[in-house]
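Novice: Next up is a structure, given as structure tokens.
Each reported figure results from applying straightforward, stated rules to the coordinates on display, with no laboratory input. All of these numbers come straight from a predicted model, not from anything done at the bench. All Cβ positions, glycine included, derive from the backbone under ideal geometry; neighbour counts span all protein chains shown.
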There are 4 protein chains.
Amino acid sequence: MRGPLLRTLVAAMALACAGSLLQHANAEDASSPTDHIADSRRDIAGLPEGQTPWWPSRYGADDQIGTLNEITPEVVAYAARLVHQGTVVDLGRTLDENTPKFPGRYWHQTVDVSAYFENLRRPDAVGKGWGKNQINWITEIQAGTFQVGTQLDSIGHIQIGDRFYNGWKARDVVESWGLNHFGMETVPPIVTRGVLLDIAAYKGVARLDKGYVITPEDVTETLKRQGITVHPGDAVLFHTGWGALWNVDNEQFLSGEPGPGMATVNWLYAKHIAVTGTDSWSIGPVPGEDPERPFLVPQTLYVKMGLFGLENLATEALAKQRVYEFLLVLTHGKTRGSTAAVVAPAAIF
Amino acid sequence: MRGPLLRTLVAAMALACAGSLLQHANAEDASSPTDHIADSRRDIAGLPEGQTPWWPSRYGADDQIGTLNEITPEVVAYAARLVHQGTVVDLGRTLDENTPKFPGRYWHQTVDVSAYFENLRRPDAVGKGWGKNQINWITEIQAGTFQVGTQLDSIGHIQIGDRFYNGWKARDVVESWGLNHFGMETVPPIVTRGVLLDIAAYKGVARLDKGYVITPEDVTETLKRQGITVHPGDAVLFHTGWGALWNVDNEQFLSGEPGPGMATVNWLYAKHIAVTGTDSWSIGPVPGEDPERPFLVPQTLYVKMGLFGLENLATEALAKQRVYEFLLVLTHGKTRGSTAAVVAPAAIF
Amino acid sequence: MRGPLLRTLVAAMALACAGSLLQHANAEDASSPTDHIADSRRDIAGLPEGQTPWWPSRYGADDQIGTLNEITPEVVAYAARLVHQGTVVDLGRTLDENTPKFPGRYWHQTVDVSAYFENLRRPDAVGKGWGKNQINWITEIQAGTFQVGTQLDSIGHIQIGDRFYNGWKARDVVESWGLNHFGMETVPPIVTRGVLLDIAAYKGVARLDKGYVITPEDVTETLKRQGITVHPGDAVLFHTGWGALWNVDNEQFLSGEPGPGMATVNWLYAKHIAVTGTDSWSIGPVPGEDPERPFLVPQTLYVKMGLFGLENLATEALAKQRVYEFLLVLTHGKTRGSTAAVVAPAAIF
Amino acid sequence: MRGPLLRTLVAAMALACAGSLLQHANAEDASSPTDHIADSRRDIAGLPEGQTPWWPSRYGADDQIGTLNEITPEVVAYAARLVHQGTVVDLGRTLDENTPKFPGRYWHQTVDVSAYFENLRRPDAVGKGWGKNQINWITEIQAGTFQVGTQLDSIGHIQIGDRFYNGWKARDVVESWGLNHFGMETVPPIVTRGVLLDIAAYKGVARLDKGYVITPEDVTETLKRQGITVHPGDAVLFHTGWGALWNVDNEQFLSGEPGPGMATVNWLYAKHIAVTGTDSWSIGPVPGEDPERPFLVPQTLYVKMGLFGLENLATEALAKQRVYEFLLVLTHGKTRGSTAAVVAPAAIF
């Protein structure tokens, strides 16, 4: 079932899928969590007006990793062969308390040097530390909302109403400690071919304007200009130039952004792209194409397509060196139930 | 100045190095931070008895990344060529509040679903969310000490007395928000050849005993058994079987561990290994070889050698599949001034 | 409208009240928050089966402080006259990370001694600190859910469905940073007559059993035995003996509790009591009187009555000294939008 | 008396003090923490130049509550008799993330409404909540450094070099989780006579200038103008008018402050005042009287005198009403080992 969203078919499949879930539920105790869960996906009531079910997903009714399914062993092996020089470029930005962020988001760190005092009280303290080797150590306390800095979102970060990717409802998924589906621990390491689209260079500007809508034509013309094509399983990253404002003019940086429009998002999905990403704070133009539908781009990517997104990428070094294809690697801390991870992907070529 | 630790030479070089630092300091304002810093490295007073300066390091007096210098572009390119099948194995464990940890360490996450309520108050709320697309989102708050779970330590995590790698003192390096040297933002993405040493298999056991000291002979015999050798810049990971206790018997897991002894650590350094790691909670046997010198192994690795270490690796899948060399990739969130990052490296082959 | 809940009358008043709110809303801009809020209180749909509106409250439709309205200046002045000896008894328990608490709740503190290092780098550092007075300081980082330890709940802590005291809905009240109504910053200092009811002594036991339901007869007989009566505006505290398990057997402590039953709660409300409290972790027996209605006691106290409750009080010193009436003072940190505060009330006599 | 180091006559004082400690230590194991602790107070080396030991304190070598010892039952009983009208004035300001604070300090709260989702999954969920009473609840996560907002400092917050009140050293007192001496759990409820000194009114200004040094003459003339005197055990609060800048012009608010000078501090101590406090962010003028001795006022109050201080008091309502003596009550959350508590004292008259 590859291709654009075929809504009527999806609805029919949802019913078929619900049937097997129901059978499964019948085999369980009537009050089991499975039963509740089955109900949510079967019951399609409460969708926004005109919205048909977007599940089961292209990757099956129980899938949690969406387009990362496109990264097959063949894709990985192909991508590894893109390494020639052995150059590694870091695509992550450093996170600290001054990083631009939105109201309600925060991140703070405090050093913990208490060992310098506690170790002196040990019976076998020597000089300034513990033991004849005088060991001491330092740690830190971090507290914050995450969803700040260079990050990989889980596809569970956004919903349509109270529905997630594959039709789960918030009542099925939300736990006090995080999400029981779609948490970052479910996201595998990402190792694939990376493609940088320097849309700013194609448009002949240092930085695309706020709200600029990147079109499929921009994408195909940029690919042509760069002499490459995209493959299923690729990570397609957009260089818009917007990242130059990071920590330079944070107010302007946060005031809006250029980004891929809905047509481009559909193009990415049709091309079986695994991951997308930008050098701005979200994916998609802000202000958006449809003022009545805020953040429609990431909502569509995550909830309907299961297409993963990276934000606040440091793409400038690649753009400057005109490196447009590379091995992209991204490993992240697997905190259970989280909707995002602070990351720093690497491009290797 | 590549080569094993030559302590008397190092002491002589420390004096030479201090000379140039002094000249540099003289050129600055008398009260500049540089001046303070130069003083610390020049002034070798206060070292533990019998301890000569271990700085400047093999990689220079100003170096912050230690043995990661061994990972040259050639090493990266060679490692990438180890990918044949395109299989990716995740070496990270999931972190949650039940993860085994030591007193004083903690990690806690709480979901934030406030958007489900706030969005309903927006003037353009529709149905259950914001806008006609009824968007909602979920984030989380994390708070904790880190230094928990599968992690990469910064070489700034441990000291000898109040001295770091390259001789910096705590008074030079500690800020309320973390470390101004050796923070995780200074650690580049790690992309190199990974080698797994299945010492447990070599010894014919499922799990090495607590306190078992892995010797250079264990290492060389295991390499012979596995039909491989080590190269400069490699990541050498030890499979001890200890990780099987993780989340199965956390009390026993934390009660001690097997690990590479001091002779093996010196062997690793002599071989110009870039990174080491284990499937236990620290590196080196606990109880240690010298009861008067606690945690001498990681202290030596980080402070004297600048050799990076990984803890709590999930090595069992590689050991089971008998995969002993692979492309190791490790990218981490770059939080400024942190002494560690929660990570999940990947082995690719 | 003093007296027990008169439900049909309340419903009628709710309509009357809603009328004036509506008029108010009409005078505002159509998309103002006030308009949304007015709607919630007017629209009584969605209440549990058989439940009629409990608003407007005895203290008016806009009231946020419930029974604290009973503490008039006369009550305060009367209470102050109960101080004869000038003895102060602390009714709070110390909070630390070992304090008994429920899943999802946590509290953790880490010391911050970074000033000991940073001050040494100041241009005017002298010896071990900053300036000729060598000043240093220490702070700490706290992180936690609160709702732990000796605490005063806000009446906004609990809801019936999604309805608060005075009929507000969660969609009106919840902000990402806390509650915009009923936060602890709205709760005034509490200064009133305190009454201790030693129900354990009345029953001739050291500790009431888990699930024991304290009845109005228990209360009135205990008052008679203690030779006192209650007055409007009093704080009525129950000594059940359950607090002796605190930090002694936390598992048993958390496994249930004795407490005032629904008839006693109604008695307290009819008597115009301002505050109640216990030496156990919640208010009301656990298991409760009605297994189909969990935590009905605090829900009724907070949501329907606006009657404030204190938990985990250290009542043993008062009980031992047979001090049954006193000046109760309780001041708390006013963190905006919080549903509780860690407190330590004092009894003065 | 273990070890030599008897340097001056003052060491003889330490000896007298140490005598009882030594006896205690002798009864313990030789390597007990008590033994270490005794050493620190006996060993007076390392004090700032010209500084003689300030311990044992006026209240004994083992005292932890300093001038709060002045609040005898007689003082409490006298203070309670100051209540005539029964009026309660709240002296605390609300704390939120916008509260003015210094670099390195932070406070953040996030609501936790996860119960609204989790309760729906319970087997006995009904409608929107848990049970037939459809109960739900809301909590919050707080994270921060405290030492923000209206607060009561512990006398352990500040040191001279590495010495606390009564001569303890940081190596004796600092634990990873806080202070094992002088934590807020050691501070009793404060119930005493409060005196407001409206220095601004005496000087005929709305707000004293930044750096204005309040002198003993200012104090005695203000007392005369207000027709009152001070008593041992009083809480003496200064109204400077500086608090009018709070949340109005936070930059100016934090840029400095007026406050009691060293002569006034000595006057307070000589008068056996128990607590002092101001409507500014610290106690004492900033810039201070001696530019080479930063924050000498609070350092002297806490470390040498053990005299407790309150910051960021909302004194304006009392000043406006010309209420100059009252019952002051202050109860605080007893978090173990903390150096401060967020508070909101109350004045009752």
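Novice: Calculate how many DSSP beta bridges within region D:167-287 are antiparallel, expressed in % of all such bridges and rounded to the nearest 5.
Specialist: Of all bridge pairs located within region D:167-287, approximately 20 percent are antiparallel.
Novice: Would you mind counting up the charge near A:Asp162? Only other residues with Cβ under 10 Å from its Cβ, with Lys and Arg at +1 and Asp and Glu at -1.
Specialist: +3
Novice: Amide H neighbours of C:Leu197 under 5 Å, counting only residues 5+ apart in sequence or on other chains, H built in-plane at 1.01 Å?
Specialist: C:Leu237, C:Phe238, C:His239
Novice: Note the count of lysine pairs whose C-alpha atoms are less than 17 angstrom apart in chain C, limited to pairs 8 or more residues apart or on different chains.
Specialist: Lysine pairs meeting both conditions in chain C amount to 5.
Novice: Assuming R0 = 30 Å, can you tell me the calculated FRET efficiency for the pair A:Ala263 and A:Ala206, based on Cβ-Cβ distance, to the nearest 0.05?
Specialist: That pair, A:Ala263 with A:Ala206, gives E of 0.75.
Novice: Treating only the Cβ of Lys, Arg, Asp and Glu as charged (+1, +1, -1, -1), what charge dipole size does region C:58-99 show about its Cα centre? Round to the nearest 20 debye.
Specialist: The dipole magnitude comes to about 240 debye.
Novice: Considering amide H positions built from the backbone, and no H for Pro or chain starts, which residues 5 or more places from C:Lys169, or on another chain, come under 5 Å of its amide H?
Specialist: Those lying under 5 Å, H to H, from C:Lys169 are C:Phe164.
Novice: Indicate, rounded to the nearest 5 percent, the antiparallel portion of the DSSP beta bridges found entirely in chain C.
Specialist: Of those bridges, close to 70 percent are antiparallel.
Novice: Another question, if that's okay. Modelling each spin label as a point 7 Å along the Cα-to-Cβ direction, I'd like the B:Asp124/C:Ala45 distance in nm, to one decimal.
Specialist: Roughly 2.5 nm, to one decimal.
Novice: Still on this structure: Quick check on chain A: take the gyration tensor over C-alpha atoms, sort the square-rooted eigenvalues as a ≥ b ≥ c, and tell me if it's rounded (a/c under 1.5), prolate or oblate.
Specialist: Taking the square roots of the gyration eigenvalues as a ≥ b ≥ c, chain A is oblate.
Novice: Starting from the Kirkwood Rh over alpha-carbon pairs, what translational D in µm² s⁻¹ does the protein assembly as shown have by Stokes-Einstein at 4 °C and 1.567 mPa s?
Specialist: Value of D from the Cα-based Kirkwood radius: 38 µm²/s.
Novice: In what sequence do A:Val219, C:Val323, D:Val111 fall when counting other Cβ within 10 Å, fewest first?
Specialist: The order, fewest Cβ neighbours first, is C:Val323, A:Val219, D:Val111.
Novice: A further question follows. For B:Thr72, project a label point 7 Å along Cα to C-beta. Then give me every residue of region B:262-288 with its amide nitrogen under 11 Å of that point.
Specialist: none
Novice: For every other residue with a beta carbon closer than 11 angstrom to the beta carbon of C:Arg336, add +1 if it is Lys or Arg and -1 if Asp or Glu, then tell me the sum.
Specialist: Net local charge, C:Arg336 excluded: -3.
Novice: Compute the distance from the alpha-carbon center of region A:190-265 to that of region B:204-229, in whole Å.
Specialist: Answer, in whole Å: 50.
Novice: Next up: How many angstrom lie between the Cα centre of region C:87-127 and the Cα centre of region B:122-155?
Specialist: 28 Å
Novice: What is the Cα coordinate range of region C:259-349 on the first, second and third principal axes, sorted by size from largest, in whole angstrom?
Specialist: Sorted from largest, the Cα extents of region C:259-349 read 41, 36, 24 Å.
Novice: If you take the Cα atoms of region D:113-160, find Rg, then find the Kirkwood Rh from the mean of 1/r over all pairs, what is Rg/Rh?
Specialist: Computed over Cα atoms, the ratio is 1.42.
Novice: Could you line up C:Lys224, B:Lys128 from fewest to most neighbouring Cβ atoms inside 10 Å?
Specialist: C:Lys224, B:Lys128
Novice: Then there is this: Kindly identify region B:204-304 as rounded, prolate or oblate by the Cα gyration tensor criterion: order the square roots of the eigenvalues as a ≥ b ≥ c, call it rounded if a/c is under 1.5, otherwise compare a/b with b/c, prolate if a/b is larger, else oblate.
Specialist: Oblate.
Novice: Counting each pair of different Cα atoms once, what's the Kirkwood radius of region A:113-221 in Å, rounded to one decimal?
Specialist: One over the average 1/r among Cα pairs gives 20.1 Å for region A:113-221.
Novice: Then there is this: What is the dipole size for chain B, taken about its Cα centre, with +1 at each Lys and Arg Cβ and -1 at each Asp and Glu Cβ, in debye to the nearest 20?
Specialist: Dipole magnitude for chain B comes out near 640 debye.
Novice: Charges only on Cβ, +1 for Lys and Arg, -1 for Asp and Glu: so what's the dipole of the protein assembly as shown about the Cα centre, in debye to the nearest 20?
Specialist: 240 debye
Novice: Shifting gears a bit: At R0 = 41 Å, how high is the FRET efficiency between B:Glu251 and A:Arg225 if r is their beta carbon distance? Nearest 0.05 is fine.
Specialist: Efficiency, rounded to the nearest 0.05: 0.10.
Novice: Could you line up C:Phe349, C:Phe326, B:Phe295 from fewest to most neighbouring Cβ atoms inside 10 Å?
Specialist: Listed from fewest to most nearby Cβ atoms, that is B:Phe295, C:Phe349, C:Phe326.
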